[in-house]
Each structure stands twice: as C-alpha cells, then as structure tokens.
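Written below as structure tokens is the structure these notes are about.
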Amino acid sequence: MAQGTHDFVADPRNADILININGALIPRAQATVSVFDSGFMLGDGVWEGLRVHAGRIAFLDQHLDRLWEGAKAIAMNVGVTREELEQRLYATIDANNMTSCHIRLMVTRGIRSTPYQDPRVVVSPATIVIIAEHKDPLPATLERGIRLFTVHVRRGYPDVQDQKLNSHSKLNCITACIQATEAGADEALMLDPHGFVATCNSTHFFIVKRNRRGQQEVWTSTGDYCLGGITRGNVIRLCEDNNIPVFEKNFSLTDVYGADEAFVTGTFAGVVPVTSIDGRQLTEGRGPMVERLQTLYKAYATADTEGRLRP
C-alpha cells in the first residue's frame, strides 16, 4: 500500500490490467522488460504521471511538453510522435475499460548491448511502458492531510543532477522518503543547498502566510531546485486568476513553522493539506485556503478534460 499523498484503496481489478509495452498490450503478470534495458540498468529515462477523468487525460499537452523537453535534454529519441504516443495512452485505458485512473508513462533509452553507461551501446529504440491502474486518492487524505518531516537529504545543484529533469534516477528522493517515514511522517520536506525550502520528495510544497495588511498570501519555492510541476504551475495560475497573491520566493523553515496553512500539489491527488511539519501542528485537517484551492483545482481539471478531444 502506498502512503502519503499517493495513498489509495486497493482495487482488485488491477490484478488483471493490460500493460502497454512498446505498443503491445500484455497482461500484468507477463509484462516484463529486458534486464539490459536502460531504465532498469541505469535509471536512464524520463517519465510522467497522468490522471484520467471521465475518459480523458488531464493537462496532457503540458505533460507531453515536459516529457519531450526532458528527452531532448538527455539526447534521447522517444521514437514515436506525440500523436502516436497519445493513441497508445488511450488504447491502454480503453483496453482496460477505464474512465478514471492513474497512468505511469515511462520512456527509457532502450536496450543496451552490455552493462555500461555510455548511450552508444544502446542497440534498440526507446522502451515505452504505459501502466494504467484503477487508482484514486483517499478522500481522507484530501480532508485530513499529511505530515511532513524535514530531512537532511538536499535538492542538489543542477550541475550535479538537474532537479528539473523528471528522470528515472530518483534515489535522492527515495532516501529522503525513507528518512521521513522512519521519523513517523508521511513524506519528506527537502531543502535546497542554501537551506531554503525547496520541495517534497514526490510533491511540491506551499505555505499560506499573512502579510502586514492581514491578507493571506500563498508562497512556494523559487522553483530553482525542483521539478517544473504541472499541478504546481496550474495552482499558481489559479491563484493569479482568482486574486490570491502568490509568490515564488526563497523562504526558510522559520516561515514554515509560522504559517497559517500548508499544502502540497501533485498529479495524483491534486491539492493536499499538510497538517504538521517536524511535529509542529499547523491545522486540524484542511484550512479555508486549501479547501478553496481544492475546489478551484477540481473545476479547472474538469474543464480541461471536458474540453479535450481524444483519438
């Protein structure tokens, strides 16, 4: 069972799903990739998490933009067009009779001839895997929220590993998650190399603060040391469109501990309240700003899927 924002109720239908591997639909129990695959061997690839509402993939254009940007940044040829990949995505959810689900789309550099990091030993086109599961966030998570713990694992400089790449290499996030769960929290809050708040191990972090005039503002990090989150960007846009002051800025744990509310964003669960950080209680369940943003985001996602054509 997953935890934190990715907590969900197990669905027995997932035991029999069909998984799309390079365009072929294969039963879950038989779905495999080569031990020489770049993703398995070296974490060499990029991926996206997608939500399906009413049979349509929300914010698909933004997700594919990020996927192709990441692939280009690591000089990897996806091997299919955007249109072909969209067709594969919908073929997968249709074959599984899904109208509401979560998709993990993974693209690796392909099969290597030998265990070695040099991309010149790749001997196949890119490997494209699409896993669609019957999976919805727990209502209790959206209402009661999660607990965070600030870990010692930092988000690094881009010349070491650029955090804007949504790559398969997630070991720093995994070690952060381990430390947080060992401390009894649900997810990790991670700082940047300068000690400012950056992001969480699998979601983006926001706080709600009052300014000198008593007006509530929404703060999130500069974005310099985190992935360009699709939901993060959409929430910032919703704040701007609804006269909610929102700032991308440096702030410290002192600001966090004194916040009125806090929340995280992600594709799977949308907007999720954070009730405590490092054992310090901020709210009991979701506060009024989080509840407002949840409502705005749900309407925004619904409008996107209702207005979206599908192949």
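What the table shows:
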read-out: Ile26 free of Cβ contacts under 8 Å to residues at least 24 places away in the same chain and assigned to a strand (DSSP E or B); value: yes
read-out: Yes/no for Val246 being within 20 Å of His102 (Cα to Cα) and not polar (S, T, N, Q); value: no
read-out: Output for segment 293-309, where each listed residue is among the polar types (S, T, N, Q) and surrounded by fewer than 16 Cβ atoms within 10 Å (Cβ to Cβ); value: Thr295, Thr302
read-out: Number of positions in segment 178-217 that are farther than 24 Å from Gly287 by Cα and either surrounded by 23 or more Cβ atoms within 10 Å (Cβ to Cβ) or acidic (Asp, Glu) (or both); value: 2
read-out: Among the residues listed as Thr108, Thr141, Thr127, Thr150, the single one being modelled with pLDDT under 95, surrounded by 18 or more Cβ atoms within 10 Å (Cβ to Cβ) and among the polar types (S, T, N, Q); value: Thr141
read-out: Subset of segment 128-151 (residues that are of a type in the set (Ser, Thr, Tyr) and either outside any strand (DSSP E or B) or in contact with a Lys or Arg (Cβ under 7 Å, 6 or more places away or on another chain) (or both)); value: Thr141
read-out: Any hit, segment 103-112, residues being closer than 28 Å to Gly223 by Cβ, assigned to a loop (DSSP other than H, G, I, E, B) and out of contact with any Pro (no Cβ under 9 Å at 6 or more places or on another chain); value: no
read-out: Among residues of segment 256-292, those that are of a type outside the set (D, E, K, R), under 23 Å from the mean Cα position of the chain (by Cα) and surrounded by fewer than 17 Cβ atoms within 10 Å (Cβ to Cβ), counted; value: 1
read-out: Failed item in (1) in a loop (DSSP other than H, G, I, E, B); (2) more than 19 Å from Gly49 (Cα to Cα), with Arg292 passing the rest; value: (1)
read-out: Residue count for segment 1-17, restricted to those that are modelled with pLDDT of 95 or more and crowded, with 18+ Cβ neighbours inside 10 Å; value: 1
read-out: Scope segment 54-97; condition within 28 Å of Lys298 (Cβ to Cβ), surrounded by fewer than 19 Cβ atoms within 10 Å (Cβ to Cβ) and of a type in the set (A, V, I, L, M); matching residues; value: Ala54, Ala91, Ala95
read-out: Residues satisfying the stated conditions in segment 86-100, i.e. free of Cβ contacts under 8 Å to residues at least 60 places away in the same chain and assigned to a loop (DSSP other than H, G, I, E, B); value: Asn97, Met98, Thr99, Ser100
read-out: Close pairs from segment 244-269: first over 19 Å from Gly228 (Cα atoms) and among the acidic types (Asp, Glu), partner at pLDDT 95 or above and part of a helix (DSSP H, G or I), Cβ under 7 Å, at least 6 apart; value: Glu261/Met289; Glu261/Val290
read-out: Any chance Thr302 is free of Cβ contacts under 8 Å to residues at least 24 places away in the same chain, in a helix (DSSP H, G or I), at negative phi and among the β-branched types (Val, Ile, Thr); value: no
read-out: Of all residues making up segment 101-142, the number that are within 17 Å of Pro27 (Cβ to Cβ) and without any contact (Cβ under 8 Å) to a residue 12 or more places away in the chain; value: 0
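The values are calculated or read from the model by the stated rules, or taken from the named source; none is laboratory data. Keep in mind it's a predicted model, so treat the numbers as computed, not measured. Here the Cβ is made from the backbone with ideal geometry for all residues, glycine too, and neighbour counts use every protein chain on show.
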